[in-house]
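The values are calculated or read from the model by the stated rules, or taken from the named source; none is laboratory data. Keep in mind it's a predicted model, so treat the numbers as computed, not measured. Cβ atoms come from the backbone with ideal geometry, glycine included; neighbour counts cover every protein chain shown. Note: accessible area is taken over every heavy atom of the protein model, side chains too, but ligands, DNA and RNA are not part of it. Shrake-Rupley method; radii C 1.70, N 1.55, O 1.52, S 1.80 Å.
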Amino acid sequence: MHVHSSFSGDCTTPIVGKFCRECYSNPAEVFDRLERRGMNLFTLTDHDSIEGAESLRRHPNFFLSEELTCRMPSGTEVHIGVYDFHERQHAQLLERRNDIVALLMYLTERRLFFSINHVFSSVTGRRELEDFAWFQEYFPAVETRNGQMLESVNLRAVDLARQWEKVGIGGSDAHALPSVGTTYTEVPGARDKDEFFASLRQGLGRVGGESGSFVKLTRDVLLVAAEMMRDKYWTALLSPLAVLIPGITFLNHREDRAFSRRWAARVLTQPAARKRSRWVTIPRPVPQTAVGEWV
């Protein structure tokens, strides 16, 4: 439910993004790795793209998904996983990703399943308290196990989903092939995609696999760096800087740990909101019986 390919675009790290991609994994290789790990439903969640799906559509157990980069009303940035939609809906999703109200209306009107990803991570930058109010009121699912996040960060997401009575999903968030499929979502007894999502919406799914670690993240970043050098030979001149990667990943995990602790302390102590439907109700206009006359 969360895996990337070479179609996820450029790295979002300043300067580095000018010559390095988020991921260099070939979609076909991602599919093969998932199949070898025992998956029987497949998807890609590239950043704001479905191009990687082109070579995988021939597989009957593959469905379209993506990870939308969205702007919240507070001005913060979040990643929203959107699952099992039609190709023609991709453009509509992109058009609405910076208008959260329009996006939520579109998603719920078409009954598309979606989640807030790595909710307690600083990977997309700052967060505001009002962001969590949006997540609580209108998002049906929370990513409760991300294969790149520390166990403590994931456990706080589990507590959040349990308190808010949200569907929990898991995914590897793999940007390098060794991590593909190491974290997953399953629905026991589901025989096809439709049964999978129907049961998932009812809270019958479960997450499995591993959380992230310093060693795992460092390995994947080094692999991405190695692929970058194969893709652009001149970047091999930067290879001496690879010694800095362990320090960078250590600081990244430390920041995530502090970020999750700080926001969990604020959000998980909030009083429970009144129960609402997991799906936003779209207001419908009152029928017009005559020009200028409404009933």
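Could you please find all residues in region 94-109 being within 17 Å of Thr45 (Cβ to Cβ) and either without any contact (Cβ under 8 Å) to a residue 24 or more places away in the chain or in contact with a strand residue (DSSP E or B) (Cβ under 6 Å, 6 or more places away or on another chain) (or both)?
Across region 94-109, the qualifying residues are Arg97, Leu107.
Here is a list of conditions, (1) touching a strand residue (DSSP E or B) at 6+ places or on another chain (Cβ under 8 Å); (2) assigned to a loop (DSSP other than H, G, I, E, B), and Ser122 meets all of them except one; can you say which number that is?
(1)
List the number of the failed condition for Phe62; all other conditions in (1) touching a helix residue (DSSP H, G or I) at 6+ places or on another chain (Cβ under 9 Å); (2) modelled with pLDDT of 95 or more; (3) under 18 Å from His79 (Cα atoms); (4) surrounded by fewer than 20 Cβ atoms within 10 Å (Cβ to Cβ) hold.
Against the list (1) touching a helix residue (DSSP H, G or I) at 6+ places or on another chain (Cβ under 9 Å); (2) modelled with pLDDT of 95 or more; (3) under 18 Å from His79 (Cα atoms); (4) surrounded by fewer than 20 Cβ atoms within 10 Å (Cβ to Cβ), Phe62 comes up short only on (3).
With the requirement that a residue be at pLDDT 95 or above and open to solvent by 70 Å² or more (accessible area, probe 1.4 Å), what does region 1-20 give you?
Scanning region 1-20 gives a single hit, Phe7.
Name the single residue, out of those in region 27-40 being surrounded by fewer than 20 Cβ atoms within 10 Å (Cβ to Cβ) and of a type in the set (A, V, I, L, M), that is nearest to Ile116 (Cα to Cα).
Met39
Restricting to region 41-58, what's the tally of residues that are touching a helix residue (DSSP H, G or I) at 6+ places or on another chain (Cβ under 9 Å), assigned to a loop (DSSP other than H, G, I, E, B), closer than 19 Å to Ser179 by Cα and open to solvent by less than 20 Å² (accessible area, probe 1.4 Å)?
Number of matching residues: 3.
Kindly indicate whether Met39 is touching a strand residue (DSSP E or B) at 6+ places or on another chain (Cβ under 8 Å), over 25 Å from Gly209 (Cβ atoms) and of a type in the set (A, V, I, L, M, F, W, C).
No, not satisfied.
Filtering region 75-100 down to residues that are closer than 23 Å to Glu54 by Cβ and of a type in the set (Asp, Glu), which residue is least open to solvent (accessible area, probe 1.4 Å)?
Asp84
Taking interchain pairs and intrachain pairs at least six residues apart, which have beta carbon atoms under 8 angstrom, with the first residue in region 187-213 and under 30 Å from Ser152 (Cα atoms) and open to solvent by less than 50 Å² (accessible area, probe 1.4 Å) and the second of a type in the set (S, T, N, Q) and in a loop (DSSP other than H, G, I, E, B)?
Listed by first residue and then by second, the contacts come to Gly209/Ser172; Gly209/Thr182; Gly212/Gln148.
With respect to Asp159, is the statement that it is modelled with pLDDT of 95 or more, of a type in the set (D, E, K, R), open to solvent by less than 20 Å² (accessible area, probe 1.4 Å) and in a helix (DSSP H, G or I) true?
No.
From the list Asn40, Asn61, exactly one residue is out of contact with any Leu (no Cβ under 7 Å at 6 or more places or on another chain) and closer than 22 Å to Glu186 by Cβ. Which is it?
The unique qualifying residue is Asn40.
Evaluate the following for Ala265: is it modelled with pLDDT under 95 and either in contact with a strand residue (DSSP E or B) (Cβ under 9 Å, 6 or more places away or on another chain) or surrounded by 10 or more Cβ atoms within 10 Å (Cβ to Cβ) (or both)?
No: the conditions fail for Ala265.
Go through region 101-124 and give me each residue that's aliphatic (A, V, I, L, M), farther than 18 Å from Ser65 by Cα and open to solvent by less than 60 Å² (accessible area, probe 1.4 Å).
Answer for region 101-124, where residues must be aliphatic (A, V, I, L, M), farther than 18 Å from Ser65 by Cα and open to solvent by less than 60 Å² (accessible area, probe 1.4 Å): Ala102, Val119.
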